[in-house]
Structures are given as structure tokens and as C-alpha cells.
């Protein structure tokens, strides 16, 4: 189960640092005040030195007093108290969200007893197919989002690119939900994976995505442990992308540097600071809010929200709608969409690079006894 604590922790840490800074200011003020007291000794207050002392004491009072160190320390203390109170409020919200997700997980476990919303003992089976996407350089985030087209039937698309230094960079494209049947079938990108991935459980679909990347790397002969990996996904695909980027077992084998999620509830996933996330959401799209956790907008995590809102319109969840939004944002004057240009600038290993190989596999859900069966 994913724990959503980054916001309250960050606020609490900021409050503690402000409190420490306030204490430093008070100590400095006390030191200045003590020095002024020492200056009042009879030897130092000879008549010819009184004017200079008066001026010095006035300057010292200004430095120490309400408009100086003491006042600044008090202001920091007040801000620290407010941040600590906000942290406690966020913590209660986070606990409530975690409780809801746990309840969803327990409900899914109950449903699993009746054969619903469960992978059971299934494992992913991969079947290589002819790619539907013609290799061409990716010119920006919109081209990355558009890679999600043509992945019907459980396809996962893996691109190997020339990173410009003789090595390889990898783009893994994960499809969205393709079946709403609560009973798990052969296609793993379904309602079962939606629910299980959202509550932090391992899924056959997620395992299949990992296996697709590993298969492409093994076939390349050029793959290295330090090759950068970018995970792209729309809707459920975005959930799997964020989940894999948060999975230590996966990141210990693959160096995930970037994630691009569109129309996906990904705010709860604890991504490492080394991973740069771009999350794009339409305000009219209800799906990104399903985890009850707004996506952050901080260093390393750019959240772009577009649309008029707040009325809901499920048509705005379509992949084509997100391609159009990102392409428009990409074509806007620099700085218009905060953070987008910065994220693209860090993704140089993936953008405007020659595509070496495109691999597409169909991921299927099969009995565990077929785990090693790759057709």
C-alpha cells in the first residue's frame, strides 16, 4: 500500500528548519545585546566617548530590537507555528486518503474470493508482434504522449534510442485500460489492474511491462545498467509508469530518470528525487482525481493542469485530447506553461535522438505454470 506522507513531512520539516533559524537569530541578538552591555563599562564611557557610544547603542538597538534580529526571529517563529499546524492538517488528510485506499484494497480482496478483481496465481506471458509505429525522432513531450496510440490488445511499446554518446536510452510506453470486466481475463490492462495498481499492489500488467523492457534490452546487445529509462503512460498506463518508477526492485535493475503520465491518478506515488515526473491533467477529466491525492508541483515533479473545469467531461480523458493539449502547451511561447520547458530540457537523451529499434509485445495474463512461455 502506498503511503501518502510527502506533503505533511515536507511542511513539518520546513517548520522545524524555520524554528531553528529563529533560534539562531535570537542567539545572535543576545550576543549583540551582551556586547552592548559590556561596552557600558566605566572605562569605555569616558566623556569624550559618549557621543560615539550613543550612536553605537542606537545602531545596536536597531539591529537587536523589534525591527531587527528579535523581530525577525519572532516572525519566523510565527511562520513555523503556522506551518506546523498546516502539516498536522495535511497529515489528517493523508491518513484519510490512506484509509480510503486501504478500504478499496480490502474490498478488492473480498471480491477476489468470488473470482473478481484478482490476478490470482497468473503471470505475464509476452508475445512479440510487428511494431505499428514507424521509427522517427521524438521532438517533444507531445510526441511521447502520442506514442500511446495503437496499443490496443495489450501491446507495450519499447524504443531504443541512440543517446548521443554511443550508449542507449529507452522509452517504455504503457497502454491504458482496455477492459472494464471485473473478472480478470487474458488481457491484463483491465479493471483488475486499475484497482490493484492504484492501491499499491503488484499486478500482472506491471510485471509484463517490466518484462517487455528486459526483453528489449536483452535483444539489443548494447544495453547497460546506467542506460536512462523514460516511462510513458496514459490513464492506467500512467499508474503503471509511476508504480514502476517507485518500485525499488524495478529501479535497482533499470535507471528510471523520467516519467510522463497523462490523465492518471499518480499523486500518491513516492517517486525518488532523481526521477523527473511530468503529469498532465485535464480539469474536466475525473480520472486523475481517483486517488484523492492532488499531484505535486515541485522541483522534479511538474504538474500541468489544463481546461476550464470544474464540470466533468469523460470525453476529456481520451488520449487524443491529451496529445492536443501537450502539443499546444509545447508550442506556446517559452515560459507560458511553467515547468514544461524545463522538464523537456532534462530529457535530452530521449528527444531529437535517432531511434535504433522499436519492439512491441503483447502482454497476456496466463497461469503461473506458463511463466517461462514466451511465444
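Considering only residues that are touching a helix residue (DSSP H, G or I) at 6+ places or on another chain (Cβ under 8 Å) and closer than 22 Å to residue 136 by Cβ, which ones fall in the range 323-346? Residues satisfying the conditions are 323, 326, 327, 329, 330, 340, 343, 344.
Within the range 249-260, is even one residue in contact with a helix residue (DSSP H, G or I) (Cβ under 6 Å, 6 or more places away or on another chain) and in a loop (DSSP other than H, G, I, E, B)? No, the range 249-260 has no match at all. Each residue in the range 325-341 was checked for being out of contact with any strand residue (DSSP E or B) (no Cβ under 7 Å at 6 or more places or on another chain) and either over 14 Å from residue 144 (Cβ atoms) or not assigned by TED's automatic domain parsing to the domain that holds residue 141 (or both), and 9 pass.
Within the range 181-193, being farther than 16 Å from residue 115 by Cβ and surrounded by fewer than 24 Cβ atoms within 10 Å (Cβ to Cβ) holds for one residue alone: 187. Against the test of being in the same structural domain as residue 158 (by TED's automatic domain parsing) and either in contact with a strand residue (DSSP E or B) (Cβ under 7 Å, 6 or more places away or on another chain) or assigned to a strand (DSSP E or B) (or both), the options 195, 280 yield a single qualifying residue, 280.
The values are calculated or read from the model by the stated rules, or taken from the named source; none is laboratory data. Nothing here was measured: the structure is a model prediction, and the numbers come from that model. Every residue, glycine among them, receives a Cβ derived from its backbone with ideal geometry; neighbour counts consider all protein chains shown.
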